[in-house]
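Visitor: Mind looking over this structure? Questions follow.
The values are calculated or read from the model by the stated rules, or taken from the named source; none is laboratory data. Just so you know, these numbers come straight off a predicted model, no measurement behind them. In this analysis, Cβ positions are derived from the backbone assuming ideal geometry, glycine residues included, and neighbour counts consider all displayed protein chains.
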Amino acid sequence: MFDESLLDNPDGLSRADLHGLLRGAAESGARVRTAARNAAEAGVGALEPDGRPRAVLVACPGPAGGSVADLLGALAGDTCPVTLIRPAGVAPAPGALRWTLPGWTGPLDLLLVASPDGTEPGLALLLEQAYRRGCSVVCVAPAGSPLAEATIQARGLAIPLSTTPYEAAMAGAEPGAAEANDNGTRGGTPEPVLPTGPGTLWSLLTPLLALADRVGMLNAPPAALESLADRLDRIAERCGPAIATYGNPAKTLAAELADALPLIWTEGELAAAAGRRFATVIAALAGAPALVAELPEALTAHGTLLAGAFAAGADPEDFFRDRVEEPEALHARVVLLREREPAVTSPAPAARELALHRDTPVSELEASEDSSPLETVAELLAITDFAAVYLALASTP
(Lines give C-alpha, C1' and ligand atoms only; values in the text may rest on other atoms or scores of the structure.)
Protein backbone atom coordinates (compact mmCIF):
# COMPACT_ATOMS: atom_id res chain seq x y z
CA MET A 1 0.00 0.00 0.00
CA PHE A 2 1.01 3.59 -0.61
CA ASP A 3 0.97 6.15 2.21
CA GLU A 4 0.52 9.42 0.31
CA SER A 5 0.50 11.43 3.54
CA LEU A 6 4.15 10.50 4.08
CA LEU A 7 5.15 12.53 1.03
CA ASP A 8 4.43 15.77 2.89
CA ASN A 9 6.08 14.63 6.10
CA PRO A 10 9.83 15.37 5.76
CA ASP A 11 10.63 13.88 9.17
CA GLY A 12 8.73 10.72 8.34
CA LEU A 13 10.53 10.43 5.00
CA SER A 14 13.86 10.80 6.78
CA ARG A 15 13.01 8.01 9.23
CA ALA A 16 11.86 5.75 6.39
CA ASP A 17 14.99 6.45 4.30
CA LEU A 18 17.26 3.79 5.79
CA HIS A 19 19.57 3.71 2.76
CA GLY A 20 20.06 7.48 2.40
CA LEU A 21 18.36 7.50 -1.00
CA LEU A 22 17.06 11.06 -0.74
CA ARG A 23 20.50 12.26 0.31
CA GLY A 24 22.02 10.46 -2.68
CA ALA A 25 19.56 12.09 -5.06
CA ALA A 26 20.14 15.54 -3.57
CA GLU A 27 23.91 15.19 -3.82
CA SER A 28 23.97 14.25 -7.51
CA GLY A 29 25.30 17.68 -8.49
CA ALA A 30 28.09 17.43 -5.93
CA ARG A 31 28.95 13.98 -7.24
CA VAL A 32 29.30 15.35 -10.77
CA ARG A 33 31.70 18.07 -9.61
CA THR A 34 33.80 15.64 -7.57
CA ALA A 35 33.86 13.06 -10.35
CA ALA A 36 34.90 15.67 -12.92
CA ARG A 37 37.70 16.80 -10.60
CA ASN A 38 38.84 13.19 -10.11
CA ALA A 39 38.91 12.67 -13.87
CA ALA A 40 41.00 15.82 -14.37
CA GLU A 41 43.43 14.83 -11.61
CA ALA A 42 43.75 11.33 -13.10
CA GLY A 43 44.97 12.88 -16.35
CA VAL A 44 41.95 12.72 -18.65
CA GLY A 45 42.52 16.28 -19.83
CA ALA A 46 46.13 15.50 -20.71
CA LEU A 47 45.29 12.60 -23.01
CA GLU A 48 46.26 13.03 -26.66
CA PRO A 49 44.13 10.52 -28.59
CA ASP A 50 44.82 9.81 -32.25
CA GLY A 51 41.12 10.06 -32.99
CA ARG A 52 37.82 8.53 -32.02
CA PRO A 53 37.90 4.83 -31.18
CA ARG A 54 36.38 2.40 -33.65
CA ALA A 55 34.03 1.15 -30.93
CA VAL A 56 33.51 1.67 -27.21
CA LEU A 57 32.86 -1.33 -24.97
CA VAL A 58 31.32 -0.82 -21.54
CA ALA A 59 31.57 -3.35 -18.70
CA CYS A 60 29.80 -2.49 -15.45
CA PRO A 61 28.28 -4.98 -13.00
CA GLY A 62 24.68 -4.69 -11.88
CA PRO A 63 21.80 -2.62 -13.22
CA ALA A 64 23.97 0.49 -13.44
CA GLY A 65 25.91 -1.04 -16.33
CA GLY A 66 23.02 -0.89 -18.75
CA SER A 67 22.28 2.71 -17.81
CA VAL A 68 25.90 3.83 -18.26
CA ALA A 69 26.19 2.24 -21.71
CA ASP A 70 22.70 3.42 -22.69
CA LEU A 71 23.38 7.04 -21.79
CA LEU A 72 26.81 7.12 -23.42
CA GLY A 73 25.34 5.67 -26.60
CA ALA A 74 22.44 8.14 -26.64
CA LEU A 75 24.72 11.13 -26.07
CA ALA A 76 27.32 9.95 -28.62
CA GLY A 77 24.69 9.39 -31.30
CA ASP A 78 26.24 8.25 -34.59
CA THR A 79 29.79 9.34 -33.78
CA CYS A 80 30.83 6.03 -32.25
CA PRO A 81 29.05 2.73 -31.49
CA VAL A 82 28.75 1.89 -27.78
CA THR A 83 28.33 -1.76 -26.79
CA LEU A 84 27.47 -3.11 -23.35
CA ILE A 85 29.37 -6.27 -22.34
CA ARG A 86 27.32 -8.55 -20.14
CA PRO A 87 28.68 -11.40 -17.99
CA ALA A 88 28.34 -14.66 -19.88
CA GLY A 89 28.69 -17.17 -17.03
CA VAL A 90 30.95 -18.14 -14.14
CA ALA A 91 34.70 -17.50 -14.34
CA PRO A 92 37.43 -19.83 -13.00
CA ALA A 93 38.13 -17.49 -10.08
CA PRO A 94 35.97 -18.26 -7.02
CA GLY A 95 32.77 -16.25 -6.99
CA ALA A 96 33.59 -14.42 -10.22
CA LEU A 97 31.50 -13.90 -13.30
CA ARG A 98 32.93 -14.50 -16.74
CA TRP A 99 33.28 -11.43 -18.92
CA THR A 100 34.44 -11.84 -22.51
CA LEU A 101 35.43 -9.31 -25.15
CA PRO A 102 33.86 -9.67 -28.60
CA GLY A 103 36.07 -11.51 -31.05
CA TRP A 104 36.61 -8.41 -33.17
CA THR A 105 38.03 -6.29 -30.30
CA GLY A 106 41.47 -4.88 -31.03
CA PRO A 107 43.85 -1.91 -30.70
CA LEU A 108 41.37 0.50 -32.31
CA ASP A 109 38.76 -0.03 -29.61
CA LEU A 110 38.26 1.39 -26.11
CA LEU A 111 37.14 -0.58 -23.07
CA LEU A 112 35.42 1.34 -20.26
CA VAL A 113 35.04 -0.46 -16.94
CA ALA A 114 33.02 1.04 -14.09
CA SER A 115 32.41 -0.56 -10.72
CA PRO A 116 30.86 0.87 -7.53
CA ASP A 117 33.05 -1.32 -5.29
CA GLY A 118 35.94 -2.46 -7.51
CA THR A 119 36.00 -6.01 -6.17
CA GLU A 120 34.60 -8.03 -9.10
CA PRO A 121 37.42 -10.49 -9.98
CA GLY A 122 35.89 -11.29 -13.36
CA LEU A 123 36.44 -7.71 -14.49
CA ALA A 124 40.14 -8.00 -13.63
CA LEU A 125 40.30 -10.97 -16.00
CA LEU A 126 38.54 -8.88 -18.64
CA LEU A 127 41.26 -6.23 -18.28
CA GLU A 128 43.86 -8.91 -18.94
CA GLN A 129 42.03 -9.86 -22.14
CA ALA A 130 42.00 -6.22 -23.24
CA TYR A 131 45.72 -5.88 -22.55
CA ARG A 132 46.50 -8.94 -24.67
CA ARG A 133 44.34 -7.57 -27.52
CA GLY A 134 46.02 -4.15 -27.37
CA CYS A 135 42.71 -2.51 -26.47
CA SER A 136 42.86 0.79 -24.57
CA VAL A 137 41.37 0.61 -21.05
CA VAL A 138 39.87 3.20 -18.71
CA CYS A 139 38.41 2.19 -15.35
CA VAL A 140 36.28 4.05 -12.78
CA ALA A 141 36.52 2.31 -9.39
CA PRO A 142 37.34 3.15 -5.77
CA ALA A 143 40.98 4.16 -5.32
CA GLY A 144 43.13 1.26 -4.12
CA SER A 145 40.50 -1.35 -5.00
CA PRO A 146 41.57 -4.61 -6.70
CA LEU A 147 40.04 -3.42 -9.97
CA ALA A 148 41.93 -0.12 -9.87
CA GLU A 149 45.18 -2.01 -9.27
CA ALA A 150 44.40 -4.42 -12.12
CA THR A 151 43.83 -1.43 -14.43
CA ILE A 152 47.26 -0.03 -13.63
CA GLN A 153 48.83 -3.45 -14.30
CA ALA A 154 47.06 -3.52 -17.67
CA ARG A 155 48.58 -0.09 -18.43
CA GLY A 156 45.18 1.53 -18.40
CA LEU A 157 43.90 4.74 -16.85
CA ALA A 158 42.33 4.33 -13.40
CA ILE A 159 39.98 7.13 -12.27
CA PRO A 160 38.97 7.12 -8.58
CA LEU A 161 35.25 6.77 -7.96
CA SER A 162 33.81 9.86 -6.30
CA THR A 163 32.04 9.47 -2.97
CA THR A 164 30.19 11.89 -0.74
CA PRO A 165 31.24 12.87 2.81
CA TYR A 166 28.23 10.88 4.07
CA GLU A 167 29.42 7.69 2.34
CA ALA A 168 32.98 8.20 3.53
CA ALA A 169 31.75 8.62 7.09
CA MET A 170 29.59 5.51 6.87
CA ALA A 171 32.42 3.46 5.39
CA GLY A 172 34.62 4.28 8.39
CA ALA A 173 31.93 4.24 11.07
CA GLU A 174 32.76 2.39 14.28
CA PRO A 175 30.31 -0.25 15.48
CA GLY A 176 27.55 1.47 17.38
CA ALA A 177 28.48 4.92 16.08
CA ALA A 178 25.63 4.86 13.61
CA GLU A 179 22.96 4.55 16.27
CA ALA A 180 22.76 8.32 16.60
CA ASN A 181 22.45 8.81 12.82
CA ASP A 182 18.95 8.77 11.35
CA ASN A 183 20.00 8.55 7.69
CA GLY A 184 21.01 5.21 6.22
CA THR A 185 21.77 3.29 9.39
CA ARG A 186 20.06 0.89 11.71
CA GLY A 187 21.19 -0.64 14.99
CA GLY A 188 24.83 0.47 14.73
CA THR A 189 25.63 -1.16 11.38
CA PRO A 190 25.82 1.16 8.36
CA GLU A 191 23.45 0.24 5.60
CA PRO A 192 25.29 -0.29 2.28
CA VAL A 193 25.04 2.33 -0.43
CA LEU A 194 22.88 0.78 -3.13
CA PRO A 195 24.59 0.50 -6.55
CA THR A 196 21.26 1.41 -8.18
CA GLY A 197 20.66 4.32 -5.83
CA PRO A 198 20.45 7.91 -7.10
CA GLY A 199 23.79 9.63 -7.32
CA THR A 200 25.84 6.48 -7.86
CA LEU A 201 25.10 6.63 -11.58
CA TRP A 202 26.64 10.11 -11.82
CA SER A 203 29.76 8.96 -9.95
CA LEU A 204 30.25 6.26 -12.56
CA LEU A 205 29.12 8.20 -15.63
CA THR A 206 30.73 11.64 -15.19
CA PRO A 207 34.40 10.56 -15.62
CA LEU A 208 33.39 8.64 -18.73
CA LEU A 209 31.66 11.74 -20.09
CA ALA A 210 34.88 13.71 -19.59
CA LEU A 211 36.83 10.99 -21.37
CA ALA A 212 34.29 10.75 -24.20
CA ASP A 213 34.63 14.49 -24.73
CA ARG A 214 38.40 14.14 -24.91
CA VAL A 215 38.27 11.42 -27.59
CA GLY A 216 35.65 13.28 -29.65
CA MET A 217 32.61 11.10 -28.99
CA LEU A 218 30.42 13.85 -27.55
CA ASN A 219 30.51 17.40 -26.24
CA ALA A 220 31.13 17.44 -22.47
CA PRO A 221 33.91 19.94 -21.68
CA PRO A 222 34.47 21.07 -18.08
CA ALA A 223 32.06 24.01 -18.50
CA ALA A 224 29.31 21.65 -19.70
CA LEU A 225 29.85 19.34 -16.73
CA GLU A 226 29.62 22.31 -14.37
CA SER A 227 26.33 23.33 -16.02
CA LEU A 228 25.16 19.74 -15.64
CA ALA A 229 25.93 19.87 -11.90
CA ASP A 230 24.11 23.20 -11.58
CA ARG A 231 21.02 21.75 -13.29
CA LEU A 232 21.04 18.77 -10.91
CA ASP A 233 21.28 21.14 -7.94
CA ARG A 234 18.26 23.14 -9.15
CA ILE A 235 16.21 19.99 -9.67
CA ALA A 236 17.14 18.79 -6.18
CA GLU A 237 15.73 22.05 -4.82
CA ARG A 238 12.46 21.53 -6.75
CA CYS A 239 12.12 17.86 -5.81
CA GLY A 240 13.44 17.82 -2.23
CA PRO A 241 11.46 16.38 0.70
CA ALA A 242 10.65 19.86 2.10
CA ILE A 243 8.75 20.84 -1.09
CA ALA A 244 5.01 20.00 -0.92
CA THR A 245 3.55 17.49 -3.33
CA TYR A 246 1.50 20.04 -5.28
CA GLY A 247 4.68 21.92 -6.26
CA ASN A 248 7.03 18.94 -6.46
CA PRO A 249 7.11 17.12 -9.83
CA ALA A 250 8.80 14.03 -8.38
CA LYS A 251 6.32 13.63 -5.51
CA THR A 252 3.42 14.23 -7.90
CA LEU A 253 4.69 11.54 -10.26
CA ALA A 254 5.23 9.09 -7.38
CA ALA A 255 1.67 9.66 -6.12
CA GLU A 256 0.30 9.14 -9.63
CA LEU A 257 2.20 5.85 -9.98
CA ALA A 258 1.08 4.46 -6.62
CA ASP A 259 -0.58 1.06 -7.09
CA ALA A 260 -0.28 1.40 -10.87
CA LEU A 261 1.57 -0.45 -13.61
CA PRO A 262 3.70 2.27 -15.27
CA LEU A 263 3.85 2.08 -19.05
CA ILE A 264 6.82 4.35 -19.76
CA TRP A 265 6.58 5.68 -23.32
CA THR A 266 9.53 7.69 -24.56
CA GLU A 267 10.16 10.09 -27.44
CA GLY A 268 13.78 10.66 -28.46
CA GLU A 269 17.01 8.78 -27.83
CA LEU A 270 17.88 10.58 -24.60
CA ALA A 271 14.36 10.10 -23.24
CA ALA A 272 14.54 6.42 -24.20
CA ALA A 273 17.70 5.96 -22.13
CA ALA A 274 16.13 7.85 -19.22
CA GLY A 275 12.96 5.75 -19.49
CA ARG A 276 14.87 2.48 -19.30
CA ARG A 277 16.74 3.82 -16.28
CA PHE A 278 13.41 4.81 -14.67
CA ALA A 279 12.03 1.29 -15.10
CA THR A 280 15.23 -0.11 -13.58
CA VAL A 281 15.15 2.04 -10.44
CA ILE A 282 11.41 1.49 -9.92
CA ALA A 283 12.06 -2.24 -9.83
CA ALA A 284 15.27 -1.99 -7.77
CA LEU A 285 14.12 0.56 -5.19
CA ALA A 286 10.34 0.28 -5.02
CA GLY A 287 10.11 -3.42 -5.91
CA ALA A 288 7.41 -2.65 -8.47
CA PRO A 289 7.06 -3.65 -12.14
CA ALA A 290 7.30 -1.13 -14.95
CA LEU A 291 7.33 -1.54 -18.72
CA VAL A 292 9.13 0.77 -21.13
CA ALA A 293 8.88 1.22 -24.90
CA GLU A 294 9.74 3.88 -27.45
CA LEU A 295 7.13 5.80 -29.40
CA PRO A 296 5.56 5.15 -31.85
CA GLU A 297 6.23 1.40 -31.41
CA ALA A 298 4.84 1.61 -27.86
CA LEU A 299 1.35 2.15 -29.26
CA THR A 300 1.29 -1.37 -30.66
CA ALA A 301 3.64 -2.99 -28.13
CA HIS A 302 1.49 -1.93 -25.15
CA GLY A 303 -1.84 -1.37 -26.88
CA THR A 304 -3.23 -4.73 -25.81
CA LEU A 305 -2.39 -3.97 -22.17
CA LEU A 306 -4.69 -0.97 -22.35
CA ALA A 307 -7.55 -3.17 -23.55
CA GLY A 308 -7.01 -6.14 -21.24
CA ALA A 309 -7.11 -6.82 -17.52
CA PHE A 310 -4.72 -3.92 -16.75
CA ALA A 311 -6.91 -1.30 -18.41
CA ALA A 312 -8.25 1.36 -16.05
CA GLY A 313 -11.85 0.42 -16.78
CA ALA A 314 -11.34 -3.35 -16.75
CA ASP A 315 -12.18 -3.77 -13.04
CA PRO A 316 -14.89 -1.30 -11.97
CA GLU A 317 -14.87 -0.29 -8.33
CA ASP A 318 -16.58 -2.88 -6.15
CA PHE A 319 -18.53 -1.17 -3.37
CA PHE A 320 -18.41 -4.32 -1.24
CA ARG A 321 -14.63 -4.89 -1.64
CA ASP A 322 -12.73 -5.19 1.65
CA ARG A 323 -10.11 -2.45 1.20
CA VAL A 324 -7.79 -4.10 3.75
CA GLU A 325 -8.00 -7.75 2.74
CA GLU A 326 -8.62 -7.11 -0.97
CA PRO A 327 -6.36 -4.38 -2.34
CA GLU A 328 -7.32 -2.53 -5.49
CA ALA A 329 -6.39 -4.27 -8.73
CA LEU A 330 -3.28 -3.06 -10.54
CA HIS A 331 -4.10 -0.80 -13.50
CA ALA A 332 -1.89 0.70 -16.17
CA ARG A 333 -0.82 4.33 -16.25
CA VAL A 334 1.03 5.84 -19.19
CA VAL A 335 4.13 7.95 -18.44
CA LEU A 336 5.27 10.09 -21.37
CA LEU A 337 8.96 11.05 -21.23
CA ARG A 338 9.95 13.52 -23.93
CA GLU A 339 12.97 15.62 -24.80
CA ARG A 340 11.45 18.69 -26.46
CA GLU A 341 8.33 20.46 -27.62
CA PRO A 342 6.24 18.25 -29.91
CA ALA A 343 6.95 18.55 -33.60
CA VAL A 344 4.39 18.14 -36.36
CA THR A 345 5.37 14.49 -36.68
CA SER A 346 5.46 13.79 -32.93
CA PRO A 347 3.70 10.56 -31.91
CA ALA A 348 2.77 12.06 -28.51
CA PRO A 349 -0.73 13.23 -29.59
CA ALA A 350 -1.54 9.73 -30.84
CA ALA A 351 -0.31 8.30 -27.52
CA ARG A 352 -2.56 10.64 -25.54
CA GLU A 353 -5.51 9.83 -27.79
CA LEU A 354 -5.03 6.07 -27.38
CA ALA A 355 -4.76 6.38 -23.60
CA LEU A 356 -7.85 8.59 -23.45
CA HIS A 357 -9.77 6.16 -25.65
CA ARG A 358 -8.86 3.33 -23.25
CA ASP A 359 -9.70 5.40 -20.12
CA THR A 360 -6.04 5.25 -19.05
CA PRO A 361 -4.51 8.19 -17.13
CA VAL A 362 -1.37 9.83 -18.47
CA SER A 363 1.57 11.46 -16.66
CA GLU A 364 3.94 13.62 -18.70
CA LEU A 365 7.50 14.75 -18.12
CA GLU A 366 9.34 16.90 -20.63
CA ALA A 367 12.76 18.52 -20.37
CA SER A 368 12.97 22.29 -20.31
CA GLU A 369 13.40 24.22 -23.54
CA ASP A 370 16.83 25.33 -24.73
CA SER A 371 18.60 22.60 -22.76
CA SER A 372 21.80 20.97 -23.94
CA PRO A 373 21.70 17.19 -24.41
CA LEU A 374 23.50 16.75 -21.08
CA GLU A 375 21.05 19.03 -19.27
CA THR A 376 18.09 17.32 -20.94
CA VAL A 377 19.11 13.88 -19.78
CA ALA A 378 20.01 15.25 -16.34
CA GLU A 379 16.53 16.70 -15.87
CA LEU A 380 14.74 13.53 -16.95
CA LEU A 381 16.99 11.30 -14.85
CA ALA A 382 16.93 13.45 -11.73
CA ILE A 383 13.15 13.87 -11.55
CA THR A 384 12.46 10.20 -12.24
CA ASP A 385 15.12 9.13 -9.72
CA PHE A 386 13.49 11.29 -7.04
CA ALA A 387 10.07 9.89 -8.03
CA ALA A 388 11.31 6.30 -7.69
CA VAL A 389 12.72 7.10 -4.24
CA TYR A 390 9.44 8.65 -3.04
CA LEU A 391 7.54 5.69 -4.47
CA ALA A 392 9.82 3.33 -2.54
CA LEU A 393 9.70 5.23 0.76
CA ALA A 394 5.92 5.70 0.81
CA SER A 395 5.12 2.11 -0.19
CA THR A 396 4.63 -0.56 2.45
CA PRO A 397 4.50 -4.34 1.87
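Visitor: Quick one: would you say ALA311 is modelled with pLDDT under 95, part of a loop (DSSP other than H, G, I, E, B) and closer than 24 Å to PRO349 by Cα?
Guide: Values: modelled with pLDDT under 95: yes; part of a loop (DSSP other than H, G, I, E, B): yes; closer than 24 Å to PRO349 by Cα: yes.
Against the criterion (modelled with pLDDT under 95, part of a loop (DSSP other than H, G, I, E, B) and closer than 24 Å to PRO349 by Cα), ALA311 qualifies.
Visitor: Condition first: of a type in the set (Asp, Glu), modelled with pLDDT of 95 or more and over 29 Å from VAL82 (Cα atoms). Now tell me which residues in segment 249-294 satisfy that.
Guide: Selection gives GLU256 alone.
Visitor: Could you please let me know if ALA271 is over 20 Å from the mean Cα position of the chain (by Cα) and not in a strand (DSSP E or B)? Steps first, please.
Guide: Details: over 20 Å from the mean Cα position of the chain (by Cα): no; not in a strand (DSSP E or B): yes.
In short, no.
Visitor: Report, by residue number, each residue of segment 214-246 that is touching a helix residue (DSSP H, G or I) at 6+ places or on another chain (Cβ under 8 Å), part of a helix (DSSP H, G or I) and of a type outside the set (A, V, I, L, M).
Guide: Looking only at segment 214-246, we keep the residues that are touching a helix residue (DSSP H, G or I) at 6+ places or on another chain (Cβ under 8 Å), and these are 214, 217-222, 224-233, 235-236, 238-246.
Checking which are part of a helix (DSSP H, G or I) leaves us with 214, 222, 224-233, 235-236, 238-239, 245-246.
ARG214, PRO222, GLU226, SER227, ASP230, ARG231, ASP233, ARG238, CYS239, THR245, TYR246, listed by residue number.
Visitor: Let me ask something else. Scan (1) under 11 Å from ALA55 (Cα atoms); (2) modelled with pLDDT under 90 for the single condition LEU111 breaks and write down its number.
Guide: LEU111 satisfies all of (1) under 11 Å from ALA55 (Cα atoms); (2) modelled with pLDDT under 90 except (2).
Visitor: While we're looking at this one, here's another question. Looking only at segment 87-110, decide whether some residue is within 19 Å of LEU209 (Cβ to Cβ) and buried (at least 24 other Cβ atoms within 10 Å of the Cβ).
Guide: Checked against the condition, which is being within 19 Å of LEU209 (Cβ to Cβ) and buried (at least 24 other Cβ atoms within 10 Å of the Cβ), segment 87-110 yields at least one hit.
Visitor: Would you say LEU209 is farther than 30 Å from LEU7 by Cβ and modelled with pLDDT of 95 or more?
Guide: On the way: farther than 30 Å from LEU7 by Cβ: yes; modelled with pLDDT of 95 or more: yes.
In short, yes.
Visitor: Out of LEU263, LEU232, I need the residue that is within 17 Å of the chain's Cα centre (by Cα), crowded, with 20+ Cβ neighbours inside 10 Å and in contact (Cβ under 8 Å) with a residue 12 or more places away in the chain. Which one?
Guide: On the way: LEU263 fails: within 17 Å of the chain's Cα centre (by Cα).
Checking each option against the conditions leaves just LEU232.
Visitor: Please tell me if ALA130 is surrounded by fewer than 21 Cβ atoms within 10 Å (Cβ to Cβ) and not hydroxyl-bearing (Ser, Thr, Tyr).
Guide: Working: surrounded by fewer than 21 Cβ atoms within 10 Å (Cβ to Cβ): no; not hydroxyl-bearing (Ser, Thr, Tyr): yes.
No.
Visitor: For segment 47-75, what are the residues that are more than 14 Å from the chain's Cα centre (by Cα) and surrounded by fewer than 19 Cβ atoms within 10 Å (Cβ to Cβ)?
Guide: Within segment 47-75, LEU47, GLU48, PRO49, ASP50, GLY51, ARG52, ARG54, ALA55 meet the criteria.
Visitor: Shifting gears a bit: With GLU294, GLU256 as the choices, which residue is among the acidic types (Asp, Glu) and out of contact with any helix residue (DSSP H, G or I) (no Cβ under 7 Å at 6 or more places or on another chain)?
Guide: Working: GLU294 fails: out of contact with any helix residue (DSSP H, G or I) (no Cβ under 7 Å at 6 or more places or on another chain).
Testing whether each residue is among the acidic types (Asp, Glu) and out of contact with any helix residue (DSSP H, G or I) (no Cβ under 7 Å at 6 or more places or on another chain) leaves just GLU256.
Visitor: Taking the conditions exactly as written (surrounded by fewer than 18 Cβ atoms within 10 Å (Cβ to Cβ) and either at pLDDT 95 or above or not assigned by TED's automatic domain parsing to the domain that holds ALA387 (or both)), does GLY29 satisfy them or not? Steps first, answer last, please.
Guide: Working: surrounded by fewer than 18 Cβ atoms within 10 Å (Cβ to Cβ): no; either at pLDDT 95 or above or not assigned by TED's automatic domain parsing to the domain that holds ALA387 (or both): yes.
The answer is no for GLY29.
Visitor: Just checking, which of ALA143, ALA168 is in a loop (DSSP other than H, G, I, E, B), under 24 Å from the mean Cα position of the chain (by Cα) and at pLDDT below 95? Give the derivation first.
Guide: On the way: ALA168 fails: in a loop (DSSP other than H, G, I, E, B).
The unique qualifying residue is ALA143.
Visitor: If PHE2 passes every condition in (1) farther than 25 Å from THR266 by Cβ; (2) not assigned by TED's automatic domain parsing to the domain that holds LEU147 but one, which one does it miss?
Guide: Among (1) farther than 25 Å from THR266 by Cβ; (2) not assigned by TED's automatic domain parsing to the domain that holds LEU147, PHE2 violates only (1).
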